[in-house]
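Each remark here refers to the structure printed beneath this line.
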Protein chains: 4
Amino acid sequence: MAHLVLPGMEHMGAVVPETMLAIRKKAAAPGAELSQVPTPAPGPGEVLIRIKVAAICGTDVHIYRWDPWAQQHIRPPMTFGHEFCGEVVAVGPMVKGVAVGDFVTAEGHITCGVCHACRTGDGHICENVQIIGVDRDGAFAEYLVMPARNIWHLDPRMPLEVAAIHDPLGNAVHTAFATELTSKTVNVIGCGPIGLAAVAIARWAGAARVFAVEPMPYRQELARRMGAHVVIDPGREDPVARILGETEGLGTDVMLEMSGQPQAIRQGFAALRKGGFAALLGIPAAPMELDLAEAVIFKGARVQGISGRRMWDTWYRLQGLIRGGLDFRPLVTHRFTFQQLDQAFELMASGNSGKILLFPKEVQ
Amino acid sequence: MAHLVLPGMEHMGAVVPETMLAIRKKAAAPGAELSQVPTPAPGPGEVLIRIKVAAICGTDVHIYRWDPWAQQHIRPPMTFGHEFCGEVVAVGPMVKGVAVGDFVTAEGHITCGVCHACRTGDGHICENVQIIGVDRDGAFAEYLVMPARNIWHLDPRMPLEVAAIHDPLGNAVHTAFATELTSKTVNVIGCGPIGLAAVAIARWAGAARVFAVEPMPYRQELARRMGAHVVIDPGREDPVARILGETEGLGTDVMLEMSGQPQAIRQGFAALRKGGFAALLGIPAAPMELDLAEAVIFKGARVQGISGRRMWDTWYRLQGLIRGGLDFRPLVTHRFTFQQLDQAFELMASGNSGKILLFPKEVQ
Amino acid sequence: MAHLVLPGMEHMGAVVPETMLAIRKKAAAPGAELSQVPTPAPGPGEVLIRIKVAAICGTDVHIYRWDPWAQQHIRPPMTFGHEFCGEVVAVGPMVKGVAVGDFVTAEGHITCGVCHACRTGDGHICENVQIIGVDRDGAFAEYLVMPARNIWHLDPRMPLEVAAIHDPLGNAVHTAFATELTSKTVNVIGCGPIGLAAVAIARWAGAARVFAVEPMPYRQELARRMGAHVVIDPGREDPVARILGETEGLGTDVMLEMSGQPQAIRQGFAALRKGGFAALLGIPAAPMELDLAEAVIFKGARVQGISGRRMWDTWYRLQGLIRGGLDFRPLVTHRFTFQQLDQAFELMASGNSGKILLFPKEVQ
Amino acid sequence: MAHLVLPGMEHMGAVVPETMLAIRKKAAAPGAELSQVPTPAPGPGEVLIRIKVAAICGTDVHIYRWDPWAQQHIRPPMTFGHEFCGEVVAVGPMVKGVAVGDFVTAEGHITCGVCHACRTGDGHICENVQIIGVDRDGAFAEYLVMPARNIWHLDPRMPLEVAAIHDPLGNAVHTAFATELTSKTVNVIGCGPIGLAAVAIARWAGAARVFAVEPMPYRQELARRMGAHVVIDPGREDPVARILGETEGLGTDVMLEMSGQPQAIRQGFAALRKGGFAALLGIPAAPMELDLAEAVIFKGARVQGISGRRMWDTWYRLQGLIRGGLDFRPLVTHRFTFQQLDQAFELMASGNSGKILLFPKEVQ
């Protein structure tokens, strides 16, 4: 196999292959393909990362399945994936603070830096954001180019499975810390990986009682493992009645909505106490009916829409959780190689998993 | 006419008539009737107020018309009305801090004081609230009994028309001060009296630009008078396009929703900038369709439901506005006597008015 | 011994002794005396509590020693003490929501309810506050009269040693929750009982790292037991250098000041990161020198003075901590009877204790 | 005079002189000198600005006088000055969003962008900040090089005197908006230009009552002109007594400290109400005595240190004030040319001025 000596790296003898494996969406149709593509080179202010392991997000399942959202947002051919950790193997010109050999992950939202949102601490809702694996090539590949300013350094001792899922953990942190959780009752609706992480964070933060609402038995079990005091199967009992029964009729102080399911959202508001706080991260697929008067107005509720990860506050808070000892490893339930991509995506789509890792070659 | 010497007041020679005029909902049907009823006497911790002037709220129009809301919430026979000012003419046992002769209005929400909301600063959403003129006899009468702890003292020099409308001004203050307005762009949706007061407050607070959306020409004119920079008639132009055009495409920082109209609410969110803040006071009549993903989640919007007046922070802040010099008098556009009640309610229902006052006898 | 049948209790056969034991400050001099005094009777809106156990506060040591603060604030003869739990044995007229047999403690600050602070959610800094055991007779007695609205109900299964110390736990909660602790580095300065409780709360809330600064070896050991990651003896090492060394030179996110020692306060600010938050509860005995420019201004620090317990938010949050499982029992290290009062106060003054309980009769 | 054709500007025929006038601190001694120095050229990511007008800050007076602060912070020879407006005359490579001809001012704090403060929205307290006119050459010159990301665009119709003082107006905005002012009582201590701007902002924001404490008659008069309701001369009356007398004995809701004078700071706290908010911007020259117990702790006060301008929230809020109509022009009282520098600095030092402008050549 031919190798490429990267510019500026000659003295270090650093070489990367001229081509690399990448999981590609080649055409506007369901599925994905493992291909050899040219290895990218870092430009000014950019770094090249060798991916150690990537992870599958629900967004990746949308892209794999080619559902309406994917049809609207994705322009094949492209490499998808945006959750990963890896090692910096080359740095472009004008890069400061990132060096070859660093163990890193990255904020996958590449922001413009000058719009109103970016300039007022809301870069996570930048008007001109480019998301890796959605708007440009992503992390399901052996190598990835990222702007150096998006890099987040990791403790070299951190387990790979935690390092690889900083992106969804960040979503959970952003949602969970939209309000205070310590001593509060918290209702986490939807126990996909982000919901499960939110369960763990709420428990770690000393919530008085953590409720988890989730229809899939596999994920109910994970919710228990991550620390939920009460796991509710909405197919078997009414979550509103159960939560009111467990909260002296008050409802929960906090609702963290991770499901995007209209009925679950309505139930969440019905089980929220007067003056309660709701953070909404799950995305309903379409406009939905909501009784604003009962759900929000008479109740004096506060509602916060959550998108992405607050830069870089979210990242520091996640660091603080991990340093304090919160162990997110149980979130990761399965490991595959890039070659096993179809098996991995099908499992992820089934709901019978937590987080699924994808290794470029062999499972380590 | 016979008079009543009130207990504890004998030494002062204080006398009130044994009966008084009151605007009554006598039956479960449209309309209202002016009747003679017994004058109430204050119990322990209560005071008796001689009403100088009352004002008509939208809620009173619901009761007068006997619409579905009224049919569900009102139990005739009863005296309605809850906006007023007056003079204390008698105090019951164990009352401290309120004296005969005081010029007062009152918080019309009588709270339990011991529920979770009451004990954590959210008395305005008390689980067990009793509202005067809704759950018990109200202020469309010559005399009114109130708990002393609900009394708010007024500067004796305050004009009657401002004194009488502290209740709706308080709703506007509560809504407007749910976030910061100074230097911000603010969209006030719906210019009934509360919306008009919010326009005035936003302008007084130094908003960069105050938009007012209102379909009725009479109220559009009042909105201009209260200080709106831009008044938008949603029947003649698209509020979203107009507001985006006037805000460099960003949308407004703040949305104060006073209309309760589903289409206006959706437009308000569409014209709200990313990271913006929406306070919702207007009550939609029924569950409504909302695109939570676009309106709230992707936008990272914050939403706050508003009910009643925060006790007593709202009242102090209103006091501060008035002391600073904000003049709410232009909100009041018409004056009637109790005898002219049908004329007054019909005008209020037409939308061709600002605030309407009701005087027990002659217009002063 | 004669007994008293309390008014309104005749039908229940409830009797209390006509006199009771109380620890009294009889004269303006050091020391205290155990005496028989008349058992008080509850008036309107009041309840009578049989004290199960009381606890000694630092304030009580000031009173016992008759130091300058005590000389200025205490008017003998009086019964002191303000931390306790007990059982309601009689209720006065017009009491709602509290019944004979209830297991309770109480907010010891009796507020006026009508001053600006009381009416805006700041009752804990009421202009006209009366504190039990300071401004009126307190809890070092067999019976105590309290206003019913000050009562806080306890779970009957709660251990007595936790029930008895809700007052200082509330101070710790009020201080700790003045900002967010989860994922943060927190410096607790001074490990008397309130500081120790703050250590436990910070750890429970998922702080990344909890530092405790305390000169007394006994309390250093307790700080470790309550969860401090790093315990610093300021007599043996420089707290500032140690904390900067452990925080990558940044300093802590949060400082919870419980010592009131000028040098410790200055060190706390020096070890606070830029943009950090300081909650000050410890009371310096006199004006002190502070470099406001370096400690606060250039650093963009936020500082919050803490007095008392926010009513009733603090109480609900403490309830949420206890319900969640935080165990405060290790804070209590010694138990005495009223008869052993001198021994108890001397031990408390020595610093070689955590919280000390005082039982009216036998240690249970 | 020779001219320089700037790289990349050849096609536009843009020329700037090879040398330019600059007010220089040449030696470690009092005074300053007007010199010819080489015109700087913009590097990558930088722009060159032709200064239209600069303004004198108190910091510049420290440098001119060569006081202890200056001796510690300034390394001659250097050009000082940091308040200005001007026109972009050249842009270096890799600059986006700034073009030749733009009317601009700039954030004078050049931040590192990667420290903890920078990455969590606190760039104004960056660990590695470089301030123009202090740490590197500044704005008292005909031309100035700035990083493009520090540029703030101005409305071309904005009066020069407002455009030139965005830096101190930003300090005032940052201080004033540390809490809410609308309907509140506000005490502005120290009426130098920043204090005067804060007076104007508090009045514009609808404060109930604005107090201004200032010993210099010239500035007292300006405080009245900017909108203070009550101007207090601390040499003639006790500010604490006066303010308590004017606030029903409560004290002010808010204190904005701009003087840095220990006695004034202590008086400000004494005149602050319980639960009040103090923003501290003025820099005491040395550690000072403060009664933390009375000033902060018992009072439950909140205190915020203010340094620089929050990026870029402060700038947007200032823009919103100006767009809304707040007129800061009366702050500027004198105009000089660079040649008149000694006269200008002496006047500024005297306290008998508001803001003083310095024009490179003729007063326009």
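The values are calculated or read from the model by the stated rules, or taken from the named source; none is laboratory data. Since the model is a prediction, treat every value here as computed from it, not as a measurement. Glycine gets a Cβ as well: all are built from the backbone with ideal geometry, and neighbour counts include every protein chain shown. Surface areas here come from the heavy atoms of the whole protein model, side chains and all, with no ligands, DNA or RNA. Shrake-Rupley method; radii C 1.70, N 1.55, O 1.52, S 1.80 Å.
Things to note:
- Solvent-accessible surface, computed for protein heavy atoms with a probe of 1.4 Å, shrinks by 50 Å² or more for the following residues of the stretch A:293-322 when the other protein chains are added to the isolated chain: A:I297, A:F298, A:V303, A:G305, A:Y316, A:R317.
- Relative contact order, percent, chain B [alpha-carbon distance under 8 Å, six or more residues apart]: 16
- Its relative contact order, with pairs defined as Cα atoms under 8 Å and 6+ residues apart, puts the stretch C:171-305 at 23 percent.
- Kirkwood-type radius of the protein assembly as shown, with distances r between different C-alpha atoms, in Å: 34.8
- CD proxy at 222 nm, helix term only [per DSSP H run n ≥ 4: -39500 (n - 2.57); per residue of chain C; nearest 500]: -7000 deg cm²/dmol
- Dipole moment magnitude, nearest 20 debye, the protein assembly as shown about Cα centre, only Lys, Arg, Asp, Glu C-beta charged: 0
- Near B:G308, once Lys and Arg are set to +1 and Asp and Glu to -1 for all other residues with Cβ below 10 Å from its Cβ, the sum equals -1.
- Once backbone amide H atoms are built at 1.01 Å from N, D:V332 has D:K355 as its partners under 5 Å, excluding neighbours fewer than 5 places away on the same chain.
- Net charge of neighbours whose Cβ lies under 15 Å from the Cβ of B:H73, counting Lys and Arg as +1 and Asp and Glu as -1: -1
- Cross-link table C:K299/D:K299; A:K299/B:K361; B:K25/B:K96; A:K26/B:K274; C:K26/C:K361, entries beyond 27 Å C-alpha to C-alpha: A:K299/B:K361; B:K25/B:K96; A:K26/B:K274
- Residue-averaged beta-carbon neighbours from other chains (10 angstrom radius) around B:115-123: 6
- Rough spin-label spacing in nm, given labels placed 7 Å along Cα→Cβ, for B:D135 and C:R323: 2.3
- Legend: mean number of C-beta atoms from other chains within 10 angstrom of residue C-beta atoms, peptide D:147-155, equals 1.
- Candidates per trypsin sites (Lys or Arg not before Pro) in the stretch A:116-184, loop by DSSP, up to 14 other Cβ within 10 Å: A:R157
- Whole-number D in µm²/s for chain D (Stokes-Einstein; Kirkwood sum over Cα pairs; 25 °C, 0.890 mPa s): 116
- Computed from label points 7 Å out along Cα-Cβ, the spacing between A:Q339 and D:A41 is 5.7 nm.
- Highest mean packing comes first when the peptides D:253-263, A:334-344 are listed by Cβ atoms within 10 Å, giving D:253-263, A:334-344.
- Given R0 = 25 Å, the distance between the Cβ atoms of C:D155 and A:R225 translates into a calculated FRET efficiency of 0.30.
- Amide H contacts of A:K52 (H built 1.01 Å from N, under 5 Å, at least 5 apart or other chain): A:C85, A:G86, A:E87
- For the chain pair A and B, buried accessible area totals roughly 3000 Å², probe 1.4 Å, rounded to the nearest 100.
- For the stretch C:195-257, relative contact order (Cα pairs under 8 Å, six or more residues apart, normalised by length) works out to 28 percent.
- Total charge dipole magnitude, chain B, about the Cα centre, Cβ charges on Lys, Arg, Asp, Glu only, Debye to nearest 20: 480
- By accessible area with a 1.4 Å probe, ligands and nucleic acids excluded, highest first: order of B:E237, D:E161, B:E221: B:E221, B:E237, D:E161
- Integer Hz, Karplus 6.51/-1.76/1.60 couplings in order for the stretch B:82-89, x for Gly and Pro: 9, 9, 6, 9, x, 10, 5, 10
- The modelled label-to-label distance between A:N352 and D:S350, using points 7 Å beyond Cα along the C-beta direction, is 8.9 nm.
- The stretch C:95-119-the stretch C:325-364 distance, computed between alpha-carbon centres (Å): 26
- Inter-chain shielding of C:280-292 (mean C-beta neighbours from other protein chains, 10 Å cut-off): 5
- On a per residue basis, the stretch A:175-274 carries 33 Å² of accessible surface, using protein heavy atoms and a 1.4 Å probe.
- Computed with a 1.4 Å probe over protein heavy atoms only, the accessible area of A:I283 comes to about 80 Å².
- When the Gaussian network model of chain D links Cα atoms closer than 10 Å, the mean-square fluctuations of D:A278, D:A106, D:A28 top out at D:A28.
- For the stretch A:161-190, residues shielded by at least 50 square angstrom of accessible area compared with the chain on its own, probe 1.4 Å: A:E180, A:T182, A:S183
- The stretch A:1-152: C-alpha gyration tensor shape, a/c 1.5 cut-off, then a/b vs b/c: oblate
- Expressed to the nearest 5 percent, the antiparallel share of DSSP beta bridges inside the protein assembly as shown is 60 percent.
- Accessible surface of the stretch D:171-305, 1.4 Å probe: 49 percent of it comes from carbon and sulfur atoms.
- Solvent-accessible surface (1.4 angstrom probe) belonging to C:V145, in square angstrom, nearest 10: 20
- Accessible area per residue in Å² at 1.4 Å probe, computed on the stretch D:36-108: 38
- Column: log10 I(q)/I(0), Debye, Cα scatterers of the stretch D:171-305, q = 0.15, 0.17, 0.21 Å⁻¹: -0.60, -0.79, -1.27
- Taking other residues whose beta carbon is less than 10 angstrom from the beta carbon of D:A200, and scoring Lys, Arg as +1 and Asp, Glu as -1, yields +1.
- In chain D, the beta carbon lying closest to the axis that superposes D onto A belongs to the residue given here with its whole-angstrom distance, D:G121, 2.
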